[in-house]
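Working notes, structure below.
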Amino acid sequence: MILDNLSLQENITEDAEFIPLLSPEEEDHLLNTETPKELAILPLRNTVLFPGVVIPIAAGRDKSLKLLRDAYRKKEIIGVTSQIDASVDEPDDDEVNLIGTAAKIHKMIKMPDGNTTVILQGLRRFQIEEFITNEPYFKARITLLPDVRPQKNDKEYEAIIDSVKEVSVEIINHNPNIPMEAGLAVKSIESPSFLINYVASNMDLLNQEKQGLLEESDLKQRATHTLRFLNIELQKQQLRFDIQSKTRSELDQQQREYFLNQQLRTIQEELGGVSQDQEIDELQLRSLKKKWKKDVAEHFDKEIGRLRRLNPQMPEFSIQRNYLEFMLDLPWNDFSKDKLDLIRAEKILNRDHYGLEKVKERILEYLAVLKLKKDMKSPIICLYGPPGVGKTSLGKSIAEALNRSYQRMSLGGLHDESEIRGHRKTYIGAMPGRILQNIKKAGTSNPVFVLDEIDKLSRSAHGDPTSAMLEVLDPEQNTEFYDNYLEMGYDLSRVLFIATANDISQIPAPLRDRMEMVQVNGYTVEEKIEIGKKFLLPKQLEAHGLKKGDVVLNSRELGFIVDGYTRESGVRTLEKHIAKVVRNAAKDIAMDIEVLPKFTREKLEEILGPPRESSKYEKNNVPGVATGLAWTSVGGDILFIESILSKGQGVLSITGNLGKVMKESAQIALEYVKANHEKLDIPFEGIDKTNVHIHVPEGAVPKDGPSAGITMFSSIVSSFTKRRVCADLAMSGEITLRGKVLPVGGIKEKILAAKRAGIKQIILSTENRKDVMEIEARYIKGLTFHYVKTMEEVLEIALVK
């Protein structure tokens, strides 16, 4: 038989004996070997013999030695089967598997230690029918079991055999304990059935699993099961290899980093660079220049001593160094000097913002007290109002007026408490909270700190940021603000916090209580025109590279833009439309098109499109229609309350997307009419047999609040008495079942909306007189106010005689 040269080792001599692997012809010869019907049975402890496979076994039991000697001497075929329980020394006939392999003995070798090694080769599978005798060893009557072979050209079977061969070779190549010659042996096997038996015999399987493969008569099924076990073994092997590689690479990486760091330190010292010890010494020197308290200095010395004891290769070293650098970067007791020139501060505030008199007055009061007292805790102001009125930009002007650093922190959507208080520095990637980060960025301990959109804070599973803000915004607590990263108190009492909000109902009561609430109302049309002329137009001209005079918008044109294209309390939309006009002019100038700098109404419509129809008062020629005043997040507006009567059972219907409070106002109004029908000159029978339907137009817009109470009441009485509501009149006020008219909010916005709509008379509660008096006289010129206490007074003024 020709042997592959690669399989021969130098230590193999010419006298060595080889037991060659089976060729298909030799396998056929083995299968045709005549096998007696009665065989001596050799039980094996942990071995299963497969047909065609050659294995060595060590014989130690007396029965087994006698059987092997007798059979070897007589050259008889024996039956080999495996024990069910390998721990039994002398098994009975019911403790061995009934299916085994007939085998011939190639050689018996007496070993130097006294044991006997026997070389066996499997021939064919058999099944024990019955045991004849147990002495001196087992003998049994057997039946040969033929293998069920697949049909020729079975593609699936051929693919399974190829896979068995490939996976076996891959396992051998990756296992250093298996000699490489084993792979060559597997490759050289030509017989598919012998390949299956050979691989199954040499796999690392439990005895029961190998016995199961032997008992499988269908070669295709046996091959499939063998391939499944091989794949499991390959996966285990790859997993072991990955774990070993990872462990080895981690160890190698640590050693590599250690040696590289040692070399780097040596190179730095040779080049005169800074070593780790020098860096620590520099941190110590910087600490001597800080103006911190004794307890902070002691804490720093303790932490820097810990840094000296740490190994530079440990992750904790960089964490500790970053912590100490952050401590040094904080402006401990470093304060900028305030400019307490009140006249200059007032000029800056007036230069940057038009109107907002209450806010400016409060800032100047603070400066005055600071100038007299020299040292005081900063107030915590919350500016609330509709968007676009200049709340955020006001903080920047205040910082300039005070000559302080300006920092802004947006709180919109913030839902993690650690964003305020920071993370504990024991975690990898830990950071201080955004409060102290901004203080560090400011470089002083008394900046102007704008907390933008404080009403947009939200809670989550990561904590409640609003609760963390309680300590920040409490003058009694923020002298020792505790940040989890810094692990000690920091004084925030000299910081001028200015919070901004749109909807103060979203701010928790304890947080609202800690701030001084200053309302920033929306602008009137006149104020918007002035802001557009003095601030927005010059700003957009500069932003678009144009000179003063390239675009001219007078008060009339600016008023047209405000009325026709904006619907807001602030001026953001106005600024966008002015920017659009300026861009159009910039395009014409860049293209050398000759244009007039003054923009007419027609030209503005060409650029901005047709204007929208503003809320104008409609003349009511029918009873049951009353005009109310409403407050919205973008300013004031007018709304119409319509009521109509129909025959029925006295049912009240309400439509128009109204909220619960507004519906209750309608119910109060109708019940008051029923209870006081005699005073109102309305027959009760007419009310009791009449359905009342109240509707508020623009049903897509949600509406709520008590301020439409007197409007609904006037509408219902107007429908029953057939008396129309007076022309050019609007009203706003809450009602009670006792007939009282209560005050409502948003008076300035409502009055401005009424004036824009062309209203001439307004009915309000007597208690709202003070709100009207706070409005500048020029804004309410041409309006007549009627102040009432009772609902009867409302009817006297509102309904025609």
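Read the figures in this text as sums done on the coordinates, not as results from a lab. None of the values given here were measured: they were computed from a predicted structure. Here the Cβ is made from the backbone with ideal geometry for all residues, glycine too, and neighbour counts use every protein chain on show.
How long is the gain from residue 358 to residue 246 if the chain were fully straight, where each residue apart is worth 0.36 nm and the alpha carbon distance is subtracted?
33.5 nm
If the cut-off is a Cα-Cα distance under 23 Å, which lysines reach residue 220, setting aside same-chain residues fewer than 8 apart in sequence?
The reachable lysines, counting only those whose Cα sits under 23 Å from residue 220, are 152, 155, 165, 187, 210.
Calculated from DSSP H runs of 4 or more alone, at -39500 (n - 2.57) each and per residue, what is the 222 nm mean residue ellipticity of the chain, nearest 500?
Only helices count here, giving -13500 deg cm²/dmol.
According to a simple spin-label model (label point 7 Å from Cα along Cα-to-Cβ), what is the distance in nm between residue 88 and residue 797?
Result: 11.2 nm between the two label points.
Considering the Cα positions of the range 84-135, please state its Rg to one decimal place and its Dmax as a whole number of Å.
Using the Cα atoms of the range 84-135, the pair Rg, Dmax is 13.9, 39 Å.
Measure of size requested: the Rg and Dmax of the range 652-712, with Cα atoms as the atom set and Å as the unit; please supply both.
Rg and Dmax of the range 652-712, Cα atoms, are 12.6, 38 Å.
Rule-of-thumb check for the range 693-801: C-alpha Rg over 2.2 N^0.38 Å?
Relative to the rule-of-thumb radius for its length, the range 693-801 sits at 1.05.
Show log10 I(q)/I(0) for the range 284-379 at q = 0.17 Å⁻¹, two decimals, from a solvent-free Debye sum over equal Cα scatterers.
-0.80
Distance cut-off 27 Å, Cα to Cα: go down the list 660/770; 441/528; 66/104; 347/603; 294/425; 748/801 and report the pairs above it.
660/770; 441/528; 347/603; 748/801
Place +1 on the Cβ of every Lys and Arg and -1 on the Cβ of every Asp and Glu in the chain, take the dipole about the Cα centre, and give the residue among 448, 280, 197 whose Cα lies farthest towards its positive end.
Selected residue: 448.
So what is the orientation-averaged projected area of the range 633-678, using the convex hull of its C-alpha atoms, in nm²?
Taking a quarter of the hull surface, the average projection is 4.7 nm².
Given C-alpha coordinates of the range 140-185, what is the ratio Rg to Rh with the Kirkwood estimate of Rh?
1.21
Mind jotting down a quarter of the surface of the convex hull over the alpha carbons of the range 705-768, in square nanometres, one decimal?
Taking a quarter of the hull surface, the average projection is 4.7 nm².
Just one of (1) 96, 43, 28; (2) 85, 60, 31; (3) 49, 28, 22 is semi-axes √(5λ) of the Cα gyration tensor in Å as worked out from the coordinates here. Which one is it?
(1)
Which percent of the Cα-Cα distances in the range 572-707 go past 18 Å?
The proportion of pairs with Cα distances above 18 Å equals 69 percent.
Reachable aspartates and glutamates from residue 360, Cα under 12 Å, same-chain residues fewer than 8 places away excluded?
Excluding near neighbours in sequence, the set is 346, 352.
Subtract the Cα-Cα distance of residue 66 and residue 329 from 0.36 nm times their separation in residues, and report this length gain in nm to one decimal.
Extra length from residue 66 to residue 329 when fully extended: 85.5 nm.
In Å and whole numbers, how far do the C-alpha atoms of the range 342-469 stretch along each principal axis, longest first?
Rounded to whole Å, the extents work out to 51, 33, 20 Å.
What is the spread of the Cα atoms of the range 388-537 along each of their three principal axes, largest first, in whole Å?
So the three principal-axis extents are 57, 33, 30 Å.
Expressed as a rounded percentage, what relative contact order does the range 624-694 have, with Cα pairs under 8 Å and six or more residues apart?
41 percent
How large is the charge dipole for the chain, taken about the Cα centre, if only the Cβ atoms of Lys, Arg (+1) and Asp, Glu (-1) carry charge, to the nearest 20 debye?
Value, rounded to 20: 5280 debye.
Dividing the Cα convex hull volume of the range 110-224 by residue count, how many Å³ per residue is that?
156 Å³
Once the piece of chain linking residue 166 and residue 572 is laid out straight, how much longer is it, given 0.36 nm per residue of separation minus the C-alpha distance between them?
Result for the pair: 138.8 nm of gain on full extension.
Tell me the Kirkwood radius of the range 30-152: reciprocal of the mean inverse pair distance over distinct alpha-carbon atoms, in Å.
In the range 30-152 this quantity evaluates to 14.7 Å.
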